[in-house]
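Engineer: Here it is: the structure, laid out below.
The values are calculated or read from the model by the stated rules, or taken from the named source; none is laboratory data. As the structure is a computational prediction, the values presented were derived from the model and not from experiment. Please note: Cβ atoms are built from the backbone with ideal geometry, for glycine as well, and neighbour counts cover all protein chains shown. Ligands, DNA and RNA are excluded from the accessible area calculation, which covers all protein heavy atoms including side chains. Shrake-Rupley method; radii C 1.70, N 1.55, O 1.52, S 1.80 Å.
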Amino acid sequence: MDTAKLKSRLEGKVQELQKPAADAALAPSGSAYMALNGDALGIIRENLKNQPLSLDLFDIVKSPSGGSTVFSVPGLAGEEAEKELTGIILDYTTPRAYWDSPDPVEGTPPTCMSQNSIISFDGKSCAHCPFNDFGSKNGESNAKACKESVLLFLLRPGSIIPLLVRVPVTSKNRFLRYSTRLLCTLTPISSVVTRITLEKATSKGGKPYALFNFEAVTALSQEEAAQAKAFGRQFMEIVNAAQLVPELAEAG
């Protein structure tokens, strides 16, 4: 990987994104979503100065342990318990990562990773990697050694910064089926309000875990959908420009 070239591209892109784009100002709509009212992107750029908006600055919600059906959401007063998460999915990625340790310490950078679960960061095909084989995780059940997930950028009414929601591999197909159902009716995922809930399940080995459910509860108006699409595209440009070394995976 040519890090010097990537760094140069990064610096140029960040400087470019600090300048107000011609279509950056989204027209006020009276939407309940703060980010779609006024110049949210302008405020983000102003507050960022020349600093990148890296993923480690975001609040993140993970799958609860022990089969709990309650999300633990970071808030100003600490972690808050919520039975459901509701908002607009601006975008999502399908990262995967492999650690050469069977029990890595939380926060340890992975040995290998991919942003899209197709090509690793060293240019190799994930499909042909032995760690992508079922049962490659030390013979533990039928699990893969390379950890897959889905990372959602969920925009909520009271924030202009999306909440990151990490969907584990056990619910990855549920999310992709939900996305496909929207696709069947030519409905962009960012044009609906999505509700995310949890249900308790048990593995073949008898261990409880949580399954994610996804439901489209409201269709945005044509104006709001256009604003959400524009905001999401420009916001993700800022985020992607910051990812010289994307932090899309973590141990734990």
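Engineer: So if each residue of separation counts as 0.36 nm, and I subtract the Cα-Cα distance between E46 and E84, what length gain in nm does that give?
Structural biologist: Full-extension gain reported as 10.5 nm.
Engineer: Quick one: divide the alpha-carbon radius of gyration of segment 88-133 by 2.2 N^0.38 Å and tell me what you get.
Structural biologist: Here the answer is 1.29, to two decimals.
Engineer: Given 37 °C and 0.692 mPa s, compute D for segment 68-152 with the Stokes-Einstein relation, Rh being the Kirkwood radius over Cα pairs; round to the nearest whole µm²/s.
Structural biologist: This corresponds to a translational diffusion coefficient of 217 µm²/s.
Engineer: Return the distance in nm (one decimal) between the two label points of a simple spin-label model at I118 and D56, each offset 7 Å from Cα along Cα→Cβ.
Structural biologist: Reported label-point gap for I118 and D56 is 2.9 nm.
Engineer: From the alpha carbon gyration tensor of segment 33-179, can you work out the equivalent ellipsoid semi-axes (sqrt of 5 times each eigenvalue) and give them in Å, largest to smallest?
Structural biologist: 30, 19, 15
Engineer: While we're on this one: Using just the C-alpha positions of segment 128-179 as equal point scatterers, what log10 of I(q)/I(0) does the Debye formula give at each q in 0.17, 0.25, 0.26 1/Å?
Structural biologist: So the normalised log intensities are -0.65, -0.95, -0.98.
Engineer: Here is a follow-up. Given points 7 Å out from each Cα along the Cα-Cβ axis, report the A77 to T180 separation in nanometres with one decimal.
Structural biologist: Calculated label separation equals 4.3 nm.
Engineer: Determine the alpha carbon to alpha carbon distance for each of K147/K229; K172/K200; K83/K144 and list only those over 27 Å.
Structural biologist: Pairs exceeding 27 Å: K147/K229; K83/K144.
Engineer: Could you check the simple spin-label distance between L211 and T187, using points 7 Å along Cα→Cβ, in nm with one decimal?
Structural biologist: 2.1 nm
Engineer: Now for a different question. P(r) of segment 113-252 in 5 Å steps, Cα pairs, percent per bin?
Structural biologist: 2, 8, 14, 19, 19, 17, 12, 7, 3, 1, 0
Engineer: Please give the peptides 227-234, 64-71 ranked by average Cβ packing (other Cβ atoms within 10 Å per residue), highest first, as a rough proxy for protection.
Structural biologist: Final packing ranking: 227-234, 64-71.
Engineer: Next up: Determine the share of segment 33-81's accessible area contributed by carbon and sulfur atoms, expressed in whole percent, with a 1.4 angstrom probe.
Structural biologist: Exposed carbon and sulfur together represent 53 percent of the surface.
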